[in-house]
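Here the structure comes first, spelled out in structure tokens, and everything after it is commentary.
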Amino acid sequence: MRSSGGNSDDTSGPARDVPPALPLSVRVSLPAPTSSRGPAPTYSRAQVAAAAIRIADESGIEAVSMRRVAAALGTGPMSLYRYVDNKEALCELMLDHMFGETELPEPTGDWRVDLAEVARSLRRAQLSHPWLARIAAGRPAMGPNMLEIFEYGMSILDRLGLDTVDMLEIFALVSSWVGGFVQEEIAEQAARRDRGLDEEQWQRGMARHLEALIDSGDYPYLARVARAGADRDFDTRFDRGLDRILAGIEATLPG
């Protein structure tokens, strides 16, 4: 459907007075104020976001700072405040810019298929940038790209005879579950990487640890899980979990 890859804002256009009471998540999505005095802005917010994302991809979200992003753009730290108020606003900008890369396919008319594809698209976006899930958690969807995903998801649910509150809760349920799943997935990948282990070495080490726990006799349900051979493949677990959530939603639909 689209892959905009950036914030819709540009630094050009008429000046706009932004009420200071507006939260950062809203202010950062509005056109940057312009002034007849002083030089014209050199960069767009999309360029600022892209520079910050490159740093986060290379060194982690902790490495992102106003000073470092300014250096990457070849400008002074104070000039960056013409585009964003602080690092929190910068994270908001990065978040919306990244979700602009989320592919939204044309709806098929089957709400389960369409909502599942939204969930998979959100997962792909967050896995492609491991720091993304961390800054996305708990932040309201107020940027133009995030709002486009929200509108798309709500339009899928609008055909099911639900009231607006139910539609919102269902969309929030799916998107929150995806975020939590991805954070667990990334955490396990990071744990393996930090220990310098490949998949086979990780499994051998975990098997020895599980064997000791099971042999203690203190964890009967853990023993049952181990004997059942629970699938550790994240793709399989994601699809099975998503199917259960969608089935639960379907069971509560009107009529």
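The values are calculated or read from the model by the stated rules, or taken from the named source; none is laboratory data. Please read these numbers as outputs of a predicted model, since none were measured by experiment. Ideal geometry is used to build each Cβ from the backbone, glycine not excepted, and the neighbour counts take in all protein chains shown.
Taking the criterion of being surrounded by 14 or more Cβ atoms within 10 Å (Cβ to Cβ) and either among the aliphatic types (A, V, I, L, M) or in contact with a Phe, Trp or Tyr (Cβ under 8 Å, 6 or more places away or on another chain) (or both), the residues of region 73-103 that qualify are LEU73, THR75, LEU80, TYR83, VAL84, ALA89, LEU90, LEU93, MET94, LEU95, MET98.
Consider region 228-243. How many of its residues are modelled with pLDDT of 80 or more and either part of a helix (DSSP H, G or I) or over 34 Å from the mean Cα position of the chain (by Cα) (or both)? Quick ask: steps written out before the conclusion?
First, the residues of region 228-243 that are modelled with pLDDT of 80 or more: 233-243.
Narrowing the set further to residues that are either part of a helix (DSSP H, G or I) or over 34 Å from the mean Cα position of the chain (by Cα) (or both) leaves 234-243.
Counting residues in region 228-243 that are modelled with pLDDT of 80 or more and either part of a helix (DSSP H, G or I) or over 34 Å from the mean Cα position of the chain (by Cα) (or both) gives 10.
So if I check each of ILE186, ILE214, which one is within 13 Å of the chain's Cα centre (by Cα), touching a residue at least 12 places away in the same chain (Cβ under 8 Å) and not assigned by TED's automatic domain parsing to the domain that holds ILE61? Checking each option against the conditions leaves just ILE186. Among the candidates TYR152, TYR221, the residue that is loosely packed, with under 15 Cβ neighbours inside 10 Å, assigned to a helix (DSSP H, G or I) and among the aromatic types (Phe, Trp, Tyr) is uniquely TYR221. The residues on offer are MET146, MET142, and the sole one that is within 29 Å of ARG54 (Cβ to Cβ), assigned to a loop (DSSP other than H, G, I, E, B) and touching an Asp or Glu at 6+ places or on another chain (Cβ under 9 Å) is MET142.
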